[in-house]
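Notes for the one structure printed next.
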Amino acid sequence: MNRRKLLLGTSATVFAGMYPSISLAQKASTSFSLVWRGLEVGYSKINLTQSGNKVTANIDVEISVKILSFDAFSYKLKNKETWESGTLIKLASETLVGKKKEFAKGNRTSKGFKVEGSKFSGIVKGNPATTSYFSPDFLKRKTWISTQDGDPLEISTTKVGADMAKSLKGNIPATLWKVTGDLELELLYSEEGKWLGSRFYAGGSQAEFVLNKSNGNMHSLWKT
């Protein structure tokens, strides 16, 4: 399972009918299983916490692919992002791809978002998103900062239309978006803006984030 970039923000998730009616006062969370070639090979967990006018996202991704009992591929990411009114204020991420360490750190300055990463260091102008995907508003932004190595990725998005996202409790109505450019994948969101899953190709086969569970609406909390 090998790609030039494995940008899973985490990658990741919720929908009416599966969601309980709850208050979105302070926290929202989502978890996915990663399925590849019919096997569950990893997970993504996202937790958003609101404090005043800031929202903190803590993201954990882990992937382990074994072939004939041998470790063919491993990936671990821990990422913390701070947002204020939809603007990225701070980023601190560490990733282990096999035995290779990568990182992305950054903070908002008067000149833009200053990044120090294992691949890119410099200023990213404007209001970039990240490769964490938890809000469909990210689709409106042309630059996404890789939480793996800090690389600013130039992307384009296309609305494909109605689709179905997979979950442990069955398929969920969703809107499918296609991302192209420096990053290629598909993202699925509910009508309420909840991230329901993603699809991408790795090792010649499609991998997919399947919704496990969620609490609250990450998109709504992030926009507060």
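Scalar couplings 3J(HN,Hα) for segment 109-121, obtained by applying the Karplus form with A = 6.51, B = -1.76, C = 1.60 to θ = phi - 60°, are 10, 5, 9, x, 8, 8, 10, 10, x, 6, 10, 9, 9 Hz; x denotes Gly and Pro. In a reduced charge model with +1 at each Lys and Arg Cβ and -1 at each Asp and Glu Cβ, the chain shows a dipole moment near 400 debye about its Cα centre. Amide H contacts for residue 72 (H built 1.01 Å from N in the peptide plane; partners 5 or more residues away or on another chain; cut-off under 5 Å): 65, 66, 67.
Ordering 188-194, 60-66 by mean Cβ neighbour count within 10 Å, with the highest value first, yields 188-194, 60-66. In this simple spin-label approximation, residue 68 and residue 212 carry label points 7 Å from Cα along the Cα→Cβ vector, and these lie 3.1 nm apart. The label point for residue 39 and the one for residue 111, both projected 7 Å from the Cα toward the Cβ, are 4.7 nm apart.
Residue by residue, segment 183-189 carries 3J(HN,Hα) couplings of 9, 10, 6, 10, 10, 10, 10 Hz when phi is fed to the Karplus relation 6.51 cos²θ - 1.76 cosθ + 1.60 (θ = phi - 60°); x denotes Gly or Pro. Maximal additional length on extending the residue 168-residue 60 stretch stands at 36.9 nm, based on 0.36 nm per residue less the C-alpha distance. Say the dipole of the chain comes from +1 at the beta carbon of Lys and Arg and -1 at that of Asp and Glu; which of 122, 82, 209 then lies farthest toward its positive end? Value: 122. Each of residue 26 and residue 101 was given a label point 7 Å from its Cα along the Cα-to-Cβ line. The distance between the two points is 3.4 nm. A straight line joining the Cα centroids of segment 39-53 and segment 59-84 runs 13 Å. Sorting the segments 130-141, 200-211, 106-117 by their mean number of nearby beta carbons within 10 angstrom, highest to lowest, gives 130-141, 200-211, 106-117. Taking amide hydrogens as placed 1.01 Å from N in the peptide plane, the amide H of residue 120 sits under 5 Å from those of 151, each at least 5 positions away in sequence or on another chain. Rounded to the nearest 500, the helix-only mean residue ellipticity at 222 nm of the chain stands at -500 deg cm²/dmol, with each DSSP H run of n ≥ 4 adding -39,500 (n - 2.57). Using the average count of surrounding beta-carbon atoms within 10 Å as a protection proxy, the listed peptides 145-153, 176-184 rank, highest first, as 145-153, 176-184.
3J(HN,Hα) couplings calculated from phi for segment 194-206 with the Karplus curve 6.51 cos²θ - 1.76 cosθ + 1.60 (θ = phi - 60°) are, in sequence order, 7, 6, 9, x, 8, 9, 7, 9, 9, x, x, 10, 6 Hz; Gly and Pro show x.
Taken together, the values in this text are just the output of simple stated rules run on the coordinates, not laboratory data. Because the structure is predicted, anything quoted here is derived from the model rather than measured. When we count neighbours, we look across all protein chains shown, and the Cβ atoms used for this are built from the backbone with ideal geometry, even at glycine.
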